[in-house]
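Only one structure is covered here, and it is reproduced in the block below.
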Amino acid sequence: MVVPVIENDVARVAELHTLADLKGQSYIRVAQIAGAHFLRELFASADQMPDVMEDRSAAFINSGALLFYEPSTRTHDSFLAALGYLGARVIIDHDGMGNTSVAKGESFSDTLRSIEETTAAEVLILRHSDDFSSEKAVEAVETPVINAGSGKLHHPTQALLDAYTIYKELGELNGIHLVAVGDMLHGRTIKSLAQLLALGEGNSITFVAPESLSMPDEVLQTLEGRVRVHQTTDLEATLGIGDVFYWTRVQKERFPDTDAGRAEYNRVKDSYILTPDVVRYMRRDARIMHPLPRVNEIHREVDKDHRAVYFDQMRNGLLIRMALLKAIATGT
Ligand code: NCD
């Protein structure tokens, strides 16, 4: 099969028009997705995954390796579970790289090539603090790489599960007004989701953030002409108009570890706290999402509100990651 390729600054990765285009390929950024057709096929496959989970003889993938250089609960565990449900016989699970030769100073590319050679894993699932770690990984190894979060820039599988959740909740991915609240500077999930919404028709995104945490210009430029974008610090003005509110955590660990960095974190960390009182001003048919983890930016009482779907996002993440892995392994 000839797979169309997009040339990035550093890596050659497949352009994805159909699910079949994923076979044997890496998935490292949303920009690989050519259009809504690919998403429809992936979502239809994810819809089938509860049946696959029941099927004890499922054998869609043989093996996979998780390389998580950064902490993770949902992404790590759902990928691990997804490999298991798809029937993988061999799963290499580096949950933190502290016990590998990374601790002895081994280079990133040597570590990846070594895991590729020693395990013959069918897919490498990578999370790393470097914005371009996935592109570097694709250059270092032949094995397909899935980007499970790279630095502050990309979280393309989170975007898939977020879009799948919006699609399930609202029935479409067009004409949506998404209000994203919190840390746009450090948050990678919202950057990838914004790219994905730009594939739809007539979508709008309002970024609500303190000035110092606003969406970087380079990211805004990639959205230009594809999705309507507004930026504000005024949350109140958005409460009545959002179809989907996408709350995010202020990412303490990505502030400089200096007195000035800590002072800035303390200044902005409580800028937007979602309480039942704030939720009252949202439309009854709005939805509240969050990639989690949360710190204190959504009060626990909001969890019971029918608009809160952040726990549903997690199960959707398992289903969509199963569909993604199955497509990489089988092309279907
Ligand atoms: C996010 C991440 O790692 O980017 N979490 C996730 O994968 N669900 C968000 C965060 O860390 O705040």
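The values are calculated or read from the model by the stated rules, or taken from the named source; none is laboratory data. Treat the numbers as computed from the prediction; the structure is a model and nothing was measured. Please note: Cβ atoms are built from the backbone with ideal geometry, for glycine as well, and neighbour counts cover all protein chains shown. What goes into the accessible areas is simple: the full protein's heavy atoms, side chains included, and nothing from ligands, DNA or RNA. Shrake-Rupley method; radii C 1.70, N 1.55, O 1.52, S 1.80 Å.
Taken as a whole, the structure places N99 among residues that are modelled with pLDDT under 95 and not small (G, A, S). Of the residues making up region 286-301, those that are more than 15 Å from the ligand (Cβ to nearest atom), touching a residue at least 24 places away in the same chain (Cβ under 8 Å) and surrounded by fewer than 16 Cβ atoms within 10 Å (Cβ to Cβ) number 2.
Considering D131, D162, the condition of being outside any strand (DSSP E or B), within 13 Å of the ligand (Cβ to nearest atom), acidic (D, E) and open to solvent by 10 Å² or more (accessible area, probe 1.4 Å) is satisfied by D131 alone.
So which residues in region 219-251 are in a loop (DSSP other than H, G, I, E, B), away from the ligand (no atom under 16 Å from the Cβ) and under 22 Å from the mean Cα position of the chain (by Cα)? Listed by number, the residues that qualify are E224, R226, V227, G242, D243. Which residues, counting only those in region 134-159, are away from the ligand (no atom under 16 Å from the Cβ) and not basic (K, R)? Once the filter is applied, which keeps residues that are away from the ligand (no atom under 16 Å from the Cβ) and not basic (K, R), region 134-159 yields E135, A137, V138, E139, A140, V141, E142, T143, P144, V145.
Taking the criterion of being open to solvent by less than 50 Å² (accessible area, probe 1.4 Å), of a type in the set (S, T, N, Q) and touching a helix residue (DSSP H, G or I) at 6+ places or on another chain (Cβ under 7 Å), the only residue of region 233-274 that qualifies is T248. Would you mind stating whether D51 is in a helix (DSSP H, G or I) and within 16 Å of the ligand (Cβ to nearest atom)? In short, no. If only residues of region 55-81 that are part of a helix (DSSP H, G or I) and within 12 Å of the ligand (Cβ to nearest atom) are counted, the one that is nearest to G96 (Cα to Cα) is H76.
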